[in-house]
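Trainee: Just dropping this structure here.
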Amino acid sequence: MEHVYASIDLGSDSIKLVVCDLYQNHLNLLAATSMPSRGIKKGLITEPELAKKSIQLAFKQVEEMLGIRIKKVIANIPNHMAEYKIIKGECDISGDLITSRDMMNSYKAGIRSNLMPNEEFVTVVPIDFKINGKTVMKDPKGFPGKKLMGRAMMVTTPKKNVYSVASIIESLGIEIVDISVGSIGDINCFRNGDLDKSISAVINVGSDITTVSLYNKSIPVSTKIIGAGGRDIDRDLAYMYKIDVEEARKLKENFALAYKRNADVHDIYETVNMDNVKIKINQQAASEVVMSRINEILTLAKNELEDLTNKPIQYIIVTGGTSNMLDFEYCVHDTLPSVASKAKVKLIGVRNNKYSTAIGNIIYFLNTLKLKGMDYSMLSEDDMDELSSPRENTNDDTMLGKVFGYFFGE
């Protein structure tokens, strides 16, 4: 069986859909698209029908690239009001040696007792396990024991965050096999041995919002949302030069730099303003407007991190679509502590930071499969023969039942 995985991230500016396969323990890109989104503001779905059309177009484009239908997907859920709780649970070991099932069973009681009525379960990020109340380890599979205690970070969001995304995707006949949040996707996209031993942070500068997430040993502990992003740069340029926002976006993406010191005062951009007057904009002036707003956003993010923890942060990673601007790293160096750096998505074919959440959610999904000892693919051997089959709505159970059941392999 081909090990193929699809992941979707619904942003205010674009719908990111990524399909990868796992071959010899390496993740390879099969297809990716970034489709302009409608009906999504500040990361939340505000107009479901418009959002549905955008999502549908994204799937259609990827399906045309691959020549197969995408029937299953990992869906990213908005980070808004996400909660992170350390849970503990204990179970009797079913046999002589600890299995993946025992590990999952150790979490169940802790999850059920800590889940509030208005919350939806997203996932649990394992911390460690204790065998017979003594030996502590990350992965106890295959070890002998009588009792197993599991400790993990449970991630929940308001129910509406999950249902708003799930209802639209499932109405297209696409099954959601797992859900995640941006804080999990981003850290897993860039995760390494150093992050696993440190207190770190990820700043994702998106279109409408900037998400600031704090981690302890790559485990998310808190997330804050700042109501500012790349679209504010567009508005600043539009206001400064009296041009429409779409023209301002072109100015930002095709001409301006994120850092004015490297801009050329003699490099000129010509356009027509709202008064139908032809104007000339030099690169240095436009870049100064851009840099001012980026520095403001990064300063707000730094302030949020200072509120989240008084402990020293060893690594700060800045990602998101806005971070792709040329010379953005100089703003990072000027505004944030020296431990901060601009991220670099390294998956060949999508070396663009706007895909970090979607790619990271696939990596996290694979790590979860490994923990559970499962072999799974979203593409079956029969899929190639079913390209023209009608899509069926799979919305039979509650989302909690589906996700909770899938996480525990039920």
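Bear in mind that the values in this text are calculations on the coordinates, not laboratory data. What you see is a predicted model, and the numbers here were worked out from it, not measured in a lab. Note: ideal-geometry Cβ built from the backbone for every residue, glycine included; neighbour counts use all protein chains shown.
Trainee: Diagonalise the Cα gyration tensor of the range 230-294 and give the resulting equivalent ellipsoid semi-axes, square root of 5 times each eigenvalue, largest first, whole Å.
Mentor: So the three semi-axes of the range 230-294 are 17, 14, 8 Å.
Trainee: Checking the cross-link filter: which lysines have an alpha carbon closer than 24 Å to that of LYS72, excluding same-chain neighbours under 8 positions apart?
Mentor: Partners found: LYS16, LYS52, LYS53, LYS60, LYS159, LYS160, LYS354, LYS370, LYS372, LYS402.
Trainee: While we're here: Which one, ALA286, ILE268, ALA238, projects farthest toward the positive side of the charge dipole computed for the range 230-294 from Cβ point charges (K/R +1, D/E -1)?
Mentor: Among ALA286, ILE268, ALA238, the one farthest towards the positive end of the dipole of the range 230-294 is ALA286.
Trainee: Relative contact order for the chain: what percent, with Cα pairs under 8 Å and sequence separation of 6 or more? Mind dumping the intermediate values first?
Mentor: Details: 884 pairs, mean separation 79.4, N = 410.
Relative contact order of the chain: 19 percent.
Trainee: Just how large is the dipole of the chain about the Cα centre, in debye to the nearest 20, putting +1 at every Lys and Arg Cβ and -1 at every Asp and Glu Cβ?
Mentor: The calculation lands at about 1120 debye.
Trainee: Run the numbers on the range 164-289 and let me know its relative contact order in percent, using alpha-carbon pairs under 8 Å that are six or more apart.
Mentor: Values: 179 pairs, mean separation 18.2, N = 126.
It rounds to 14 percent for the range 164-289.
Trainee: Here is a follow-up. All other residues with a Cβ under 13 Å from the Cβ of PRO48 taken together, and with Lys, Arg as +1 and Asp, Glu as -1, what is their net charge?
Mentor: +2
Trainee: Using +1 on the beta carbon of Lys and Arg, -1 on that of Asp and Glu, and nothing else charged, what's the dipole of the range 230-294 about the Cα centre, debye to 20?
Mentor: Its charge dipole is roughly 140 debye.
Trainee: Here is a follow-up. Please work out the Kirkwood hydrodynamic radius for the range 1-78, using every pair of different C-alpha atoms, and report it in angstroms with one decimal place.
Mentor: Final number for the Kirkwood radius of the range 1-78 is 12.9 Å.
Trainee: Moving on. At q = 0.14, 0.20, 0.21, 0.27 Å⁻¹, what log₁₀ I(q)/I(0) does the range 114-183 have when each alpha carbon counts as one equal point scatterer in the Debye sum?
Mentor: Rounded to two decimals, the profile gives -0.62, -0.86, -0.89, -1.16.
Trainee: Provide, in order from the shortest bin, the percent of all Cα-Cα pairs of the chain in each 20 Å bin, continuing until the bin that contains the maximum pair distance.
Mentor: Once binned at 20 Å, the Cα pair distances of the chain give 26, 55, 18, 2, 0.
Trainee: Using Cβ counts within 10 Å as a stand-in for footprinting exposure, how do MET154, MET274 rank, fewest first?
Mentor: Numbers: MET154 20, MET274 11.
In increasing order of surrounding Cβ atoms, one gets MET274, MET154.
Trainee: Taking every DSSP beta bridge with both residues inside the chain, roughly what % is antiparallel (nearest 5)? Before the final figure, lay out each step's value.
Mentor: Working: 63 of 79 bridges.
Once the DSSP bridges in the chain are tallied, antiparallel ones form about 80 percent.
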